[in-house]
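Below you'll find the structure, written out as structure tokens, and then a few comments.
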Ligand SMILES: *[C@@H]1O[C@H](CO)[C@@H](O)[C@H](O)[C@H]1NC(C)=O
């Protein structure tokens, strides 16, 4: 009986590992058809006979992102929304520009792990492990260095140099998704009730209203 449970446990583990990233393709490609009215998990395939090189192409990652904003960073995504040919491939890219001392605020990607390399400047990067440890694993990385952010974990980057910084991130999903912690918690639409947030953060409601006014 116990061995049955062990077997079930192992099968569950294998099954859940198999589902930990985007599904594998079942054909050479399945370029997403943005005009299809059919709703599926991902995108419907465009007729392969109509597929062109441009379906696999994006130009623009040489462009410097505009970091004139409250956090001093700009993410330029290149995922299935920009390249329909990424549909079913489980990968995507992003360019991240940082103003001096700019940050990419704490956020998570619900569907992807991330591997990031610094092209220019230096970044303080880190992620926090899940409950109950909530351990911060962080490091300062420099041009040519690579750092990994595990799927689903809250992570951030900060430019710790006096010049600008640039990084390229690769992600293990065609559509990684972004949950910016502050925006999700204090900037939801409609608001999460201040009762909930005051108790969750152990502060008074005025502090919550102040936070909500920023997001
Ligand atoms: C950058 O963004 C700011 C704020 O939105 C805007 O005022 C400025 O014109 C932009 N700069 C460029 C070069 O697009």
Go over the candidates 170, 182 one by one and state the one that is closer than 24 Å to residue 83 by Cβ, modelled with pLDDT of 95 or more and touching a strand residue (DSSP E or B) at 6+ places or on another chain (Cβ under 8 Å).
170
I need a count of the residues in the stretch 42-58 that are loosely packed, with under 10 Cβ neighbours inside 10 Å and over 22 Å from residue 93 (Cβ atoms).
3
Going by the conditions given, is residue 97 assigned to a strand (DSSP E or B) and within 30 Å of residue 123 (Cα to Cα)?
yes
Any residue in the stretch 41-62 that is within 16 Å of the ligand (Cβ to nearest atom) and under 30 Å from residue 157 (Cβ atoms)?
yes
Where residues in the stretch 7-32 are more than 23 Å from the chain's Cα centre (by Cα) and closer than 30 Å to residue 51 by Cα, which of them is modelled with the lowest pLDDT?
26
Give 163, 152 a once-over and let me know the one that is part of a loop (DSSP other than H, G, I, E, B), within 11 Å of the chain's Cα centre (by Cα) and either at positive phi or surrounded by fewer than 16 Cβ atoms within 10 Å (Cβ to Cβ) (or both).
152
State which residue pairs qualify: first residue over 21 Å from residue 173 (Cβ atoms) and in contact (Cβ under 8 Å) with a residue 60 or more places away in the chain and inside the stretch 62-78, second residue within 10 Å of the ligand (Cβ to nearest atom) and assigned to a strand (DSSP E or B) in any location, beta carbons under 7 Å apart, and separation of 6 or more residues or different chains.
67/74
Count of residues meeting criterion [out of contact with any helix residue (DSSP H, G or I) (no Cβ under 9 Å at 6 or more places or on another chain) and either assigned to a strand (DSSP E or B) or away from the ligand (no atom under 12 Å from the Cβ) (or both)] in the stretch 72-89:
10
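The values are calculated or read from the model by the stated rules, or taken from the named source; none is laboratory data. Quick caveat: nothing in here was measured; it's all calculated off a predicted structure. Note that we place each Cβ from the backbone using ideal geometry, even for glycine, and neighbour counts take in every protein chain shown.
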